[in-house]
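**Student:** Dumping the structure here so I can ask a few things about it.
Quick note: the coordinates plus some simple rules give every number you see, no bench work behind them. No experiment lies behind these values; they were computed from the predicted model shown. Glycine also receives a Cβ, built like all others from the backbone with ideal geometry; neighbour counts cover every protein chain displayed.
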Amino acid sequence: MASVLAQEPETCNIVFVSNPPELLGIGGGSFPCGTNITISCIPSPINGWKFVNWTVDSIVVSTELCLTFTVTQSCTLVANFIQTTDVIDITGVSAINIYPNPTSGQLRITNYELRIDGIEVFDIYGRKVLEPPLTVLHSYDLTVLQPGIYFVRVGFEDGVCVQKLVKQ
């Protein structure tokens with residue numbers, strides 16, 4: 001009786017890079033051909049970048065943050081981003097104050113001389129979870145959010161300010 005040798009499945013090398021490269025860096029690995037994999041990229045709301053698409057050889061393959069595909073050949077997937085706005089650094093300047101932090105639900109924003117154009121709340125994965133309407137008193141109810149770490153992005157005419165917020 002002849003013995004049958006099991007063959008190792010052919011593997012494909014998948015490389016993930018970001019454009020610009022400083023946003024996500026490089027990742028990837030070797031995967032058996034025919035395997036379904038899902039990759040995702042979460043741009044940081046802190047630095048004002050927005051995901052555009054995934055490309056292979058400069059050809060757009062998806063505009064979704066999460067990309068699921070069957071590995072059929074080695075390739076380099078590029079996550080492309082655009083900068084959505086200039087980020088102004090107001091660290092150490094008393095131009096804005098977000099409090100209380102941590103909060104159990106109510107959030108206040110003191111803006112002093114800066115006119116607020118919009119407020120967005122992001123989870124730690126960069127997904128927008130709340131965009132409350134602007135109020136005169138800049139007081140917002142965050143009780144709908146689960147406890148965790150969030151980023152509050154406050155937009156101004158000349159840029160944005162992002163501060164970390166802990167919801168208890």
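**Student:** If the chain between residue 56 and residue 30 were fully stretched, how many nm would it gain, using 0.36 nm times the residue separation less the Cα-Cα distance?
**Tutor:** So the chain would gain 7.7 nm between residue 56 and residue 30.
**Student:** Skipping prolines and chain starts, which residues have an amide H placed within reach, meaning under 5 Å, of the one on residue 81, given they are 5 or more residues away or on another chain?
**Tutor:** It is 19, 52, by chain and number.
**Student:** Once you place label points 7 Å from the Cα toward the Cβ at residue 168 and residue 76, how far apart are they in nm?
**Tutor:** Output for this residue pair reads 4.9 nm.
**Student:** Checking a compactness column here: for segment 97-167, what do you get for Rg(Cα) / (2.2 N^0.38 Å), N being the number of residues?
**Tutor:** Segment 97-167 yields a ratio of 1.01.
**Student:** I'd like the Karplus ³J(HN,Hα) series for segment 64-81: coefficients 6.51, -1.76, 1.60, θ = phi - 60°, whole numbers in Hz, and an x wherever there's a Gly or Pro.
**Tutor:** Calculated HN-Hα couplings, in order: 8, 4, 9, 10, 10, 8, 9, 6, 10, 7, 5, 6, 10, 9, 10, 8, 9, 10 Hz.
**Student:** While we're here: Pop the C-beta distance of residue 63 and residue 83 into the FRET formula with R0 = 25 Å and round what comes out to the nearest 0.05.
**Tutor:** After rounding to 0.05, the efficiency reads 0.90.
**Student:** Which order do peptides 124-137, 100-113 fall in by mean Cβ count within 10 Å, highest first?
**Tutor:** 100-113, 124-137
**Student:** Let me ask you something else. Packing-wise, with mean Cβ within 10 Å as the measure, how do 30-38, 65-73 rank, highest first?
**Tutor:** With the highest mean Cβ count within 10 Å placed first, the list reads 65-73, 30-38.
**Student:** What spacing in nm lies between the two simple spin-label points modelled at residue 11 and residue 113, each 7 Å away from Cα in the Cβ direction?
**Tutor:** Computed distance between label sites residue 11 and residue 113 equals 6.0 nm.
**Student:** Quick query: amide H of residue 12 versus all other amide H atoms, modeled in the peptide plane; which residues come in under 5 Å with a sequence gap of 5 or more or a different chain?
**Tutor:** 31, 33
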